[in-house]
Amino acid sequence: MNSTFYGQPRADVTRAWAERTPPGFEFSVKLFQKFTHPRMFRERVARGLPEDARQDSAAIESLSRSNVADLDEFRRGIEPLAARGRLGALLAQFPPSFKDDPASRDRLERLLRAFGDYPMAVELRHKSWSDRIGETIGLLNPFGAAWVQIDEPKFKFSIRQNYLPNVHGFYYMRLHGRNVQQWWRHDTSEDRYDYLYTADELREFTETADAARRLVKKLYLYTNNHFSAKSVANAAMIKQQLGEPIDGEYPPEFVDRYPALAGVIRVRASAGSDLLARAEPARPRRR
């Protein structure tokens, strides 16, 4: 759930999520930006203040620093999911500027300790964390935190990854897309996620996921290239490659947009029609 990055989760909302979804459905929840992106939160606070108040940098800095009340508010907001067994993992996604240094390690450790009662997935992007891979794993593993494996356009200081699980509890992978042209400069934030993985590009990750899920208790693989439902199309392709059942029905327009899924997904009947185009069941890959 990405909405919790922009605002603290509310118990009445997360309770409704749990009630509207089937048994076994899990939500992974991104941490509020105040915990991972204090500079972004500080700028947001400043924009909402009157012009004269924006000059008080000390007050703004104080407002943007997370505290115990913020942690308690977040916990209360996700409690309905946790109580019903619907909470997957908490995602701590840090910005590319979050480098490995003593202050950052201290901040990360405090966050892991504060949310130690929940499965934590930590997304690090700067190569300084992989340059000291032993120390980074030594920080994450005692808390059972999964080091998030990511795919996104590379930059000079991109983190280096080996896609191996660092803990036995769970594995967490996120595919953000490879829209290099609009990743850093775009008109709207949605533009950066305008990317559709090809079947060949996905195979690298499905093979990794297939191997990793044999080593951990649970595996989460998220497609975040959400422009025009491209993440949904790629998720269906991933399930096909893994030989997993693809549940649900899709509108005919979805197959028109993504013809590679014809015969893969179940298409909803058109209005006024009693016929339903059923796909052949996905066949497991040969190993």
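The values are calculated or read from the model by the stated rules, or taken from the named source; none is laboratory data. From a predicted model like this one, the values you see are computed outputs, not experimental measurements. As a convention, Cβ positions derive from the backbone with ideal geometry for all residues, glycine included, and neighbour counts pool all protein chains shown. For the accessible areas, the whole protein counts, side chains as well, though only heavy atoms, and no ligand, DNA or RNA atoms are used. Shrake-Rupley method; radii C 1.70, N 1.55, O 1.52, S 1.80 Å.
Note on the range 131-155: residues that are crowded, with 17+ Cβ neighbours inside 10 Å and under 17 Å from S104 (Cβ atoms) amount to 7.
Which count do you get for residues in the range 81-97 that are buried (at least 19 other Cβ atoms within 10 Å of the Cβ) and either modelled with pLDDT under 95 or in contact with a Pro (Cβ under 6 Å, 6 or more places away or on another chain) (or both)? Please lay out each step first, then the result.
Initially, the range 81-97 is screened for residues buried (at least 19 other Cβ atoms within 10 Å of the Cβ), giving 81, 86-94.
Restricting the remaining residues to those that are either modelled with pLDDT under 95 or in contact with a Pro (Cβ under 6 Å, 6 or more places away or on another chain) (or both) gives 89.
Count: 1.
Checked against the criteria, P165 does not count as outside any helix (DSSP H, G or I), farther than 30 Å from F25 by Cβ and in contact with a Phe, Trp or Tyr (Cβ under 9 Å, 6 or more places away or on another chain).
Just for the range 168-178: of the residues that are part of a loop (DSSP other than H, G, I, E, B) and open to solvent by less than 10 Å² (accessible area, probe 1.4 Å), which one is farthest from L112 (Cα to Cα)?
Going through the range 168-178, the residues part of a loop (DSSP other than H, G, I, E, B) turn out to be 168-169, 176-178.
If we keep only those that are open to solvent by less than 10 Å² (accessible area, probe 1.4 Å) as well, we get 176-177.
Working: H176: 24, G177: 28 Å.
Here the residue is G177.
Residue by residue, here is whether (1) open to solvent by 50 Å² or more (accessible area, probe 1.4 Å); (2) in contact (Cβ under 8 Å) with a residue 60 or more places away in the chain; (3) of a type in the set (V, I, T) holds:
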site: E204; (1), (2), (3): yes, no, no
site: H226; (1), (2), (3): yes, no, no
site: Q241; (1), (2), (3): no, no, no
site: E244; (1), (2), (3): yes, no, no
site: Y250; (1), (2), (3): no, no, no
site: Y258; (1), (2), (3): no, yes, no
site: V267; (1), (2), (3): no, no, yes
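Residues in the range 136-162 that are under 19 Å from the mean Cα position of the chain (by Cα) and in a loop (DSSP other than H, G, I, E, B): G144, A145, V148, E152, P153, K154, I159, R160, Q161, N162.
All conditions but one from (1) in contact with a Lys or Arg (Cβ under 8 Å, 6 or more places away or on another chain); (2) closer than 23 Å to E123 by Cα; (3) at pLDDT below 95 apply to Y197; the one that does not is (3).
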